[in-house]
1. Residue by residue through region 128-155, note down the ones that are more than 22 Å from A188 (Cα to Cα), open to solvent by 60 Å² or more (accessible area, probe 1.4 Å) and in a helix (DSSP H, G or I).
2. Kindly indicate the residue of region 47-80 that is charged (D, E, K, R) and more than 24 Å from R271 (Cα to Cα) and also nearest to the ligand (Cβ to nearest atom) among those meeting that condition.
3. Conditions: (1) open to solvent by 20 Å² or more (accessible area, probe 1.4 Å); (2) out of contact with any helix residue (DSSP H, G or I) (no Cβ under 9 Å at 6 or more places or on another chain); (3) assigned to a helix (DSSP H, G or I). E159 meets all but one. Number of the miss?
4. Could you say whether any residue in region 114-124 is closer than 28 Å to G233 by Cα, assigned to a helix (DSSP H, G or I) and either more than 14 Å from the ligand (Cβ to nearest atom) or open to solvent by less than 50 Å² (accessible area, probe 1.4 Å) (or both)?
5. Name the residue that is farthest from the ligand (Cβ to nearest atom), counting only residues in region 36-46 that are out of contact with any strand residue (DSSP E or B) (no Cβ under 7 Å at 6 or more places or on another chain) and modelled with pLDDT of 95 or more.
6. Restricting to region 246-258, give me the number of residues that are in contact (Cβ under 8 Å) with a residue 24 or more places away in the chain and either out of contact with any Phe, Trp or Tyr (no Cβ under 9 Å at 6 or more places or on another chain) or open to solvent by 30 Å² or more (accessible area, probe 1.4 Å) (or both).
7. What is the residue count in region 20-43 for residues that are buried (at least 19 other Cβ atoms within 10 Å of the Cβ) and free of Cβ contacts under 8 Å to residues at least 60 places away in the same chain?
8. Only residues that are closer than 19 Å to R185 by Cβ, of a type outside the set (V, I, T) and assigned to a helix (DSSP H, G or I): list them for region 264-288, please.
Amino acid sequence: MTSFLKSNIDAFLPVINDWLHRLLPSENDKPELVHRAMRYSVFAGGKRLRPFLVYKAFKWVGGDGDIIFPPACAIEFIHTYSLIHDDLPAMDNDNLRRGKPTCHRVFGEAIAILAGDALHALAFKLLAETGNAEIVYETANAIGSNGLVGGQVVDVEMEGQNVDEETVYYIHSRKTAALFTASVRIGAILAGASEKQLISLTNYAKNMGIAFQITDDILDIIGDTKKIGKPTGSDIELDKATYPKVIGLDKSKKVATKLIDKAMNSLLNHRDNRIFVDLANYILKRTN
Ligand code: GRG
């Protein structure tokens, strides 16, 4: 990671974590159990890349002020909700996430499902409170049956099946890239982006998001459990539809590199694109 990106992330993390704390219900509020579970999963760790993108897209377009933080938190709540549900026994059945026991291992399945549901509702409440219907629409569209849910459905369906590259691309573009895309779009929309800026950011996030999932799949094979916060080898165990399964590790790295190049090219003719370029490069080399 470049020192420019690191200093930007280091400056952002305490601010976003403070907002997340403020916007989540207190552990002392009734029903305490679900509030504890929500807070447990949100603060179990996490790189906060999606809210970082919301914030940076907002700033890039020229937005100013704190109004961007509740929607940025909303995206992190949706992301955390997707992780909680993804880890459930009915889905990937994972015991470890962000280096800690998964939500259902600590609170039980019922509370984990409900904590995810409550994070989902809280996210839409925060988006609605901005008064901007467009960002509510963007987010709903990104996470529904043609977005995250759709990608996850095909991901589950394809376990143990013979898949082709096109199907894996379908899964990755929905289960992972859709939320990255919504992140940059809602940040940009709230700052009053032009159509040209929106198209460029969308192309950036879509390609970067698919590359992000490919690196995730690669890390599941050659990563370090301590760094990624979950055991490696689970994709192979569940015979998941991944690029390494379909085209092998080396070719997967090449596809990810091409997608990152595409992502960077979409912002080539725009000024002040350094943060997005550095982030895209980091995603290719990331170890966690
Ligand atoms: C509608 C939100 C919603 C969910 C229902 C369960 C589900 C459908 C979708 C799961 C999608 C999923 C888990 C995709 C994987 C995306 C991914 C690579 C997650 C890891 O992201 P990081 O590395 O995680 O940014 P941290 O922990 O750093 O935040």
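The values are calculated or read from the model by the stated rules, or taken from the named source; none is laboratory data. As the structure is a computational prediction, the values presented were derived from the model and not from experiment. All Cβ positions, glycine included, derive from the backbone under ideal geometry; neighbour counts span all protein chains shown. These accessible areas exclude ligands, DNA and RNA; they are computed on the full protein's heavy atoms, side chains included. Shrake-Rupley method; radii C 1.70, N 1.55, O 1.52, S 1.80 Å.
1. Listed by number, the residues that qualify are V149, V153.
2. This residue is K47.
3. The single condition E159 does not satisfy is (3).
4. Yes, that holds for at least one residue.
5. Restricting to residues being out of contact with any strand residue (DSSP E or B) (no Cβ under 7 Å at 6 or more places or on another chain) and modelled with pLDDT of 95 or more, the top hit is R36.
6. Residues flagged as in contact (Cβ under 8 Å) with a residue 24 or more places away in the chain and either out of contact with any Phe, Trp or Tyr (no Cβ under 9 Å at 6 or more places or on another chain) or open to solvent by 30 Å² or more (accessible area, probe 1.4 Å) (or both) within region 246-258 amount to 6.
7. Qualifying residue count for the region: 1.
8. Once the filter is applied, which keeps residues that are closer than 19 Å to R185 by Cβ, of a type outside the set (V, I, T) and assigned to a helix (DSSP H, G or I), region 264-288 yields M264, N265, F276, L279, A280.
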